[in-house]
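The values are calculated or read from the model by the stated rules, or taken from the named source; none is laboratory data. In this text, all values refer to a predicted model and were calculated from it rather than measured experimentally. Every residue, glycine as well, gets a Cβ built from its backbone with ideal geometry; the counts of neighbours run over all protein chains shown. The area values use the complete protein model at the heavy-atom level, side chains included, leaving out ligands, DNA and RNA. Shrake-Rupley method; radii C 1.70, N 1.55, O 1.52, S 1.80 Å.
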Amino acid sequence: MDLDTILGFLIPLKSAITFLVMGWLLYPVSLFILPKLKTKKTAAIFHIAYGLLFSIILFKWDTLILLGAIVLCYLIVDVNPVLASAVSFGLSSFSHILYAIRCKGWDLDISGNMMCLFQRVMSLSFNIQDGKDLKAGKTVKREHWKRLSVEEKPEFLYFLAYLITPYGSFGNPFYEYKVFDYLLNCGNNPPVDKED
């Protein structure tokens, strides 16, 4: 097998290879960098920088679509869970339609991030509504919803970090905001017991 054959095989997979390498780097980053960040703001900026770098390398100018969607969702996330879910779902659907129109064959594209945005915005919107209900003295249907409730919309910096972080944005979309907020402070939290 010559070099041209190997390159001919690898070049179409460049986005998948980039995704894997940058994804694998998340583990050492979690062990050696994030615990050294002592403020939530610094941690949020780190998540944003890594997530933006990841997105720009993989999706180039389509990152602007993602950022526009994040700004729009920030404006409506605390208005009504149904509205926030509908708008974020529409944005996710738009990205899938855009990809179908382009139809460049198999490749990673921004639609995966938009799907995560939809699910996180929907989740956070319901968490905010639960927080408002609890603050007003109402009850929520399930006990664990109390622990995940958020009394108000987070600052934009933390919202952006929550939606753009490669932790979950490029993987499991249902990554509750309360869990992310806790992890932003991991440099000040006690280490997690390996059996926990």
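Once you've got the Cα coordinates, tell me which of LYS14/LYS41; LYS40/LYS146; LYS36/LYS60; LYS41/LYS178; LYS40/LYS135 are over 21 Å apart.
LYS14/LYS41; LYS40/LYS146; LYS36/LYS60; LYS40/LYS135
Provide the per residue accessible area, probe 1.4 Å, for region 10-69, rounded to a whole number of square angstrom.
That works out to 59 Å² per residue.
Region 43-125: which chymotrypsin sites (Phe, Trp or Tyr not before Pro) are DSSP loop and have at most 12 other beta-carbon atoms within 10 angstrom?
Passing both the DSSP loop test and the Cβ count: TRP106.
Using a probe of 1.4 angstrom, how much of the accessible area of region 59-141 is carbon and sulfur, in percent?
On region 59-141, the fraction of accessible area on carbon and sulfur atoms equals 70 percent.
Please give, to one decimal in nm, the separation of the simple spin-label points placed at LYS135 and SER93, each 7 Å out from Cα toward the Cβ.
3.1
Please go through region 76-161 and write out the trypsin sites (Lys or Arg not before Pro) that DSSP classes as loop and that have at most 15 other C-beta atoms within 10 Å.
Within region 76-161, the qualifying trypsin sites (Lys or Arg not before Pro) (loop, at most 15 other Cβ atoms within 10 Å) are LYS104, LYS138, LYS141, ARG142.
Could you check the spin-label model distance between SER15 and LEU31? Points 7 Å from the Cα along Cα→Cβ, value in nm.
Here the answer is 3.1 nm between the modelled labels.
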